[in-house]
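The values are calculated or read from the model by the stated rules, or taken from the named source; none is laboratory data. Values in this document were obtained by computation on a predicted structure and should not be read as measured data. Here the Cβ positions follow ideal geometry from the backbone for every residue, glycine too, while neighbour counts run over all protein chains shown.
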Amino acid sequence: MTIKQTNTPWQPEINPGTKLSDGYKTILIKRFQSLEKVLHKQNKTNTLSPKMVRKIRIGSRRLISAIKLFKQVAPKKLLIKSLIRTKNLMDYFGPMRNWDVFYNACKTFNNESTLENKELFLQGVIWANRNNFENEAIIFMKAKADKLASRLLKTTSKLFTTANEPASISFFEWSKLSLMKIVDDFKNNINTIAFSKEELHAFRLKIKFLRYGLEIIGDAIPIEKSLLLYETLKKGQAILGAINDLYFHIEQITIIDNSLKNQKGNQLLQNELMKNSFLKHCQQLLETNIHLFQNWQESTTHLIEI
């Protein structure tokens, strides 16, 4: 998302007098069409690049956030199937995304390491795992992408003709109430997180929901506050994303290591320094990022008193 100038609203198509029904139609239609465009483009190719995987997941997450935000006021029957199908799509590409990040992390480590610390063999193992998921994902895309894209467009066309008037308040008035609820939920969770992989991941999803919510209804609060909060959430999401990725790296390195140990005569494990250097690197980064998150947690607690 491109951050706009401070005197420009998040959604220039929506003004203070816009009706709630017109507002949510505008946002949902944009989200539906954006994801449909990505799916249509991908299904013309026979490969899934890391960049395309990322685009599919971001487009899916933004649509899911919009549907969750509007499902209480938009035609629920119209949205629920799109929500389920889009969740399935995003989750399907999660493992490949994890292996892409893992591969890049290993590649960066190798490029920056001294010769004796290089673990080039690990890159090959990682890429082989990634390709297994790519083959399955391409089959999935060929079978499901066009169908999902057409259904998204069908939902879009139905939104154009929906005459539902869910409430007599404006889009901005509703946005203020909704944003306060999301922020309150965020406040209640920010200082009660157990530092486990599962709870940190769950809180990261709350950050994403509030962040994408700001893209939709950020005009409910002064732009200087919404932009500052948005950038802060982006930093927190990046830190927790790194933590989640590092947990994945450490788990998979251990699995790969155990697998190679069972291969008789494997020469790749003779050098203990080579075997353990990337693992130690990931463990150190994990500790660093957990400390960064604790600092972010403390500073953000003071910021969210909107």
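When you check residue 74 against the structure, is it surrounded by 22 or more Cβ atoms within 10 Å (Cβ to Cβ) and outside any helix (DSSP H, G or I), yes or no?
yes
Condition check: surrounded by 13 or more Cβ atoms within 10 Å (Cβ to Cβ), assigned to a helix (DSSP H, G or I) and in contact (Cβ under 8 Å) with a residue 60 or more places away in the chain. Does residue 210 satisfy that?
no
Please verify whether residue 172 is modelled with pLDDT of 80 or more and surrounded by 14 or more Cβ atoms within 10 Å (Cβ to Cβ), treating the condition exactly as stated.
Yes, satisfied.
So which residues in segment 23-55 are touching a helix residue (DSSP H, G or I) at 6+ places or on another chain (Cβ under 6 Å) and among the β-branched types (Val, Ile, Thr), if there are any at all?
27, 29, 38, 53, listed by residue number.
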